[in-house]
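Please read the structure below before turning to the comments.
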Amino acid sequence: AIFADEVANLFSYEKTRASQMVIFLTRAYTCPAVYDHTTVRDSTVRLYNLYPVLLGGTDPRNLKVLPEDAVGGLTGRLIWIIESTRRANNPGWKRNPKEVLAREAQREYLIHDLKHIGNLHGEMSVTSAAMDLYDDWYEQLSKKNTHDPNVDAFYHRCHTTALRLAMLLSLAGDDSLTITDRHMIGAITLVEAQLPEVKQVTMWGGSSQYEQQRAKYIYFLRGVGGIARRAALLKHVGVPA
């Protein structure tokens, strides 16, 4: 499990290190049984049975630390959760005692359930209805062409993500280790909902000044409903009049 409260710190602003991290995460995504990793001092560390989970957060403007080869490759393999609305302000000490107790009880239940899931083992099976749904969706994906290399890269890889999500949805429901059509529909729906997020990530992932200014420009216009005064726009983007 890789936890990065700031993704920019994980990749670093040093290009070589950032590229090495992208290569490692991209190769580890396939969950190889044996993986030889070369360290900074050129010594080799052999890793077994990789199944990495990455949980990270960042301000979208910090995505410029991602190397160009990461956009479409690594980013197309990740699930992006973008906060579209601002959270309600709360200084932290305004808490309802009943809500606190309810949250703690829910947390304990989730921990217990995750430990139980962690002890399950065996091969997942797929119902024929779920397989038919996946096959039809896969065929539709192969015909999609958005004429955007980065978005197309997402479509070329998201079928694997859908299968993993379907497994997670199955495990969250019961211990049958069976993927049904309901799980497959849920997974496909989640993947299809990723397209707007992938577009935004691609937009913020540019490293040049022009790409960053363009991202700020579009982000600001979306936030105000698509129309803004020229003076307000220039002030937000930080461009001299």
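The values are calculated or read from the model by the stated rules, or taken from the named source; none is laboratory data. Predicted model, so just to flag it, every value in this text is computed and none were measured. Positions of Cβ are backbone-derived with ideal geometry, glycine not excepted, and every protein chain shown enters the neighbour counts. Heavy atoms of the whole protein, side chains included, go into the accessibility calculation; ligands, DNA and RNA do not. Shrake-Rupley method; radii C 1.70, N 1.55, O 1.52, S 1.80 Å.
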Solvent exposure, largest accessible area first (probe 1.4 Å, DNA, RNA and ligands not counted), of L63, L234, L163: L163, L234, L63
At R0 = 25 Å, FRET efficiency that the Cβ-Cβ distance of K235 and I81 yields, to 0.05: 0.25
Expected-Rg normalisation [2.2 N^0.38 Å, Cα atoms] applied to segment 17-75: 1.24
Estimated inter-spin distance, L141 and N62, nm [label 7 Å along Cα→Cβ]: 3.0 nm
Amide hydrogen neighbours beyond the local backbone of L47, cut-off 5 Å, H modeled: Y35, D36, H37
Potential extension, V34-H116 segment - 0.36 nm per residue separation minus Cα distance: 26.8 nm
Cross-link reach list, aspartates and glutamates versus K143, counting only Cα pairs under 14 Å and skipping chain neighbours closer than eight places: D135, D152
Nearby lysines by direct alpha-carbon distance to K15 (threshold 29 angstrom, same-chain neighbours under 8 apart not counted): K64, K199, K216
Residues in segment 124-140 reached by a label modelled at L177 [backbone nitrogen below 12 Å; 7 Å Cα→Cβ]: 124-126
Fully extended contour minus Cα-Cα distance, from A1 to Y13, at 0.36 nm per residue: 2.1 nm
Using θ = phi - 60° and Karplus 6.51 cos²θ - 1.76 cosθ + 1.60, couplings along segment 154-164 (whole Hz; Gly, Pro as x): 5, 5, 6, 10, 6, 5, 5, 4, 4, 5, 5
Binned Cα-Cα distance frequencies in the chain - 5 Å width, integer %: 1, 5, 9, 12, 15, 15, 14, 12, 8, 5, 2, 1, 0
Portion, in percent, of the accessible area of segment 52-182 that falls on carbon or sulfur, probe 1.4 Å: 54 percent
Computed over the chain: relative contact order in percent, which uses C-alpha pairs under 8 Å that are six or more apart: 21 percent
Carbon/sulfur fraction of accessible area - segment 1-40, other protein chains in place, 1.4 Å, %: 59 percent
Accessible surface, per residue, of the chain when the full set of protein chains is kept, probe 1.4 Å, Å²: 70 Å²
